[in-house]
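In what follows, a single structure is set out as structure tokens and then discussed.
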Amino acid sequence: MTDVSTICRRARAASRSLATIDTAGKDRALRAMAAGLRAHAQKVLEANARDLEAARARGTSGALLDRLALDAGRLEQMASAVEQVASLPDPVGTVLSDTKRDDGLRIRRVRVPLGVVAMVYEARPNVTAEASALCLKSGNAVVLRGGSEAAHSNAAIVSVLADALERESLPRDAVQALPPGDRSMVRDLVQQTETVDLVIPRGGEALIAFVRENAHVPVIAHAKGVCHLYLDAGADAEAAVRLAVNGKLQRPGVCNAIECLLVDASDAARLLPPVAKALLAGGCELRGCERTRALVPEAVPARDDDWGREYIDRILAVRVVDGIDGALEHVARFGSGHTEAICTKDTARADRWRREIDAACVVVNASTRFHDGGELGLGAEIGIATSKLHWRGAMGLEALTTFQWRVDGDGQTRG
């Protein structure tokens, strides 16, 4: 039986060692991890094939299979992502402020690692490599707990990464994984207050709820992505088609894909039919309100539970609303705080969207798919946080640090 507390204590010890490793040492280890993934590609792909076979036997949806699947190209992307992390600036040691008092006391605020990060997630074996790389570069040890659907893939990847760390004389325990399947181990993990500094859950609603309800350590939730695209009156129809198709169909199984299209009633007759035609041609099922179906007969009737639903599939809810007020009200009620986009030519309404939307990322005249660490200039990301403390949105290296006050004197005392 796996002893969660023992694994976390080993991670804590590894994190203390990592705090002494300079940037060059961490980067060498990251490049060794990338080389290991390439050298052992066949091992990882064979493990992934076992996971895919089991997933298909369970009747897993096509979108979820896409999240799980690895091939030579995706494995190379994984290795390249690890190398990219090595090329990024090291946040550890960055001086955020530096002041000197009249009495000569120097006060600095400096970025330091969090310590031990616990990552609880589902599917996506690439998360295993990217989370490990980001934690290592930011000086943190990581304890990974992936889902049972990717058990063989994750075990193979962790083995490759840990071997690479050991070859570079870094602590193997800096990257560890709990076996999947036993939810009680997740409960134990998120209650390790003496050894774990932060828990990041990334997955479905049930997983996020379980972690939040049971955690005794701080949690940054990466909850569902119920992202909206609102087509404003007067919007460019061609742009509306591009944003809707890219936002929904480029990768339907990701959290920054749109799950609901909102259209201003005053211009729906012009905007909605060409957008719907393009989506239907791409194999997307539309679930629309009555006003939507009057313009798009192919849409099936939407039910109450279609609003605020994350499909992770080629399905899109469509609602005709009464102007930007109706769109803002809908998003406030059904949005998940992830990413919200507007397609508009009106600068005043664009400004209202920016001011009044409560989400980690607000987008004007661009695809929701840009809310991604790589696209935002962060390099690889550990996920997209929908909570507000201590980070929000795409989480890169900086988000995996905290700060430390450093006070230097020459014998000053406080009066």
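The values are calculated or read from the model by the stated rules, or taken from the named source; none is laboratory data. Keep in mind that what you see is a predicted model, and the values were worked out from it rather than measured. With ideal geometry, Cβ positions are generated from the backbone for all residues, glycine too; neighbour counts draw on all protein chains shown. Just the protein is used for accessible areas: all its heavy atoms, side chains included, with ligands, DNA and RNA removed. Shrake-Rupley method; radii C 1.70, N 1.55, O 1.52, S 1.80 Å.
Answer with yes or no whether ALA221 is touching a helix residue (DSSP H, G or I) at 6+ places or on another chain (Cβ under 6 Å), farther than 19 Å from THR368 by Cα and touching a residue at least 12 places away in the same chain (Cβ under 8 Å).
Yes, satisfied.
Test GLY283 against the criterion of being among the small types (Gly, Ala, Ser) and at positive phi, and give yes or no.
yes
Any residue at all in region 128-145 that is on the phi > 0 side of the Ramachandran plot and buried (at least 24 other Cβ atoms within 10 Å of the Cβ)?
Yes - at least one qualifying residue is present in region 128-145.
Could you grab the pairs with beta carbons closer than 8 Å, sequence gap of 6+ or different chains, first residue in region 235-259 and under 14 Å from LEU271 (Cβ atoms) and open to solvent by less than 10 Å² (accessible area, probe 1.4 Å), second one modelled with pLDDT of 95 or more and small (Gly, Ala, Ser)?
Every condition considered, the pairs that remain are ALA244/ALA278.
Would you call ASP306 in contact with a helix residue (DSSP H, G or I) (Cβ under 9 Å, 6 or more places away or on another chain) and either open to solvent by less than 80 Å² (accessible area, probe 1.4 Å) or of a type in the set (Ser, Thr, Tyr) (or both)?
Criteria not met by ASP306.
So in region 274-289, with the set limited to residues that are among the hydrophobic types (A, V, I, L, M, F, W, C) and in a helix (DSSP H, G or I), which one is surrounded by the fewest Cβ atoms within 10 Å (Cβ to Cβ)?
ALA281
Open to solvent by 40 Å² or more (accessible area, probe 1.4 Å), part of a loop (DSSP other than H, G, I, E, B) and in contact (Cβ under 8 Å) with a residue 24 or more places away in the chain, is that true of ASP103?
yes
I'd like to verify a number: residues in region 60-88 that are within 20 Å of the chain's Cα centre (by Cα) and free of Cβ contacts under 8 Å to residues at least 24 places away in the same chain, how many?
Total meeting the criteria: 2.
Among the residues of region 114-129, count how many are closer than 18 Å to VAL190 by Cα, in contact with a Lys or Arg (Cβ under 9 Å, 6 or more places away or on another chain) and not in a strand (DSSP E or B).
Matching residues across region 114-129 total 2.
Against the condition under 28 Å from ALA49 (Cβ atoms), without any contact (Cβ under 8 Å) to a residue 60 or more places away in the chain and of a type in the set (A, V, I, L, M), how does LEU134 come out, does it pass?
Answer is no for this residue.
Of everything in region 204-234 that's part of a helix (DSSP H, G or I) and surrounded by 16 or more Cβ atoms within 10 Å (Cβ to Cβ), which residue is nearest to the chain's Cα centre (by Cα)?
Top of the filtered list is ILE208.
To keep it simple, each residue is scored yes or no on (1) open to solvent by 10 Å² or more (accessible area, probe 1.4 Å); (2) among the β-branched types (Val, Ile, Thr); (3) touching a Leu at 6+ places or on another chain (Cβ under 6 Å); (4) closer than 18 Å to ALA29 by Cα.
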residue	(1), (2), (3), (4)
ALA151	yes, no, no, no
ALA155	yes, no, no, no
LEU165	no, no, no, yes
GLU168	yes, no, no, yes
PRO179	yes, no, no, no
LEU189	no, no, no, no
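Just need a number here: residues in region 252-273 that are touching a Gly at 6+ places or on another chain (Cβ under 8 Å), in a strand (DSSP E or B) and of a type in the set (A, V, I, L, M).
2
Of the conditions (1) more than 16 Å from CYS227 (Cβ to Cβ); (2) surrounded by fewer than 18 Cβ atoms within 10 Å (Cβ to Cβ), THR292 fails just one. Which one is it?
Unmet condition: (2).
Please state which one of ARG369, ARG354, ARG392 is open to solvent by 20 Å² or more (accessible area, probe 1.4 Å), without any contact (Cβ under 8 Å) to a residue 60 or more places away in the chain and under 17 Å from LYS224 (Cβ atoms).
Criteria check complete, one pass: ARG392.
Sort out which residues of region 369-391 are among the basic types (Lys, Arg) and out of contact with any helix residue (DSSP H, G or I) (no Cβ under 9 Å at 6 or more places or on another chain), and write them in order of number.
Listed by number, the list holds a single entry, LYS388.
When region 16-49 is examined, which residues are found to be over 19 Å from MET78 (Cα atoms), in a helix (DSSP H, G or I) and open to solvent by 10 Å² or more (accessible area, probe 1.4 Å)?
ARG16, SER17, THR23, ALA24
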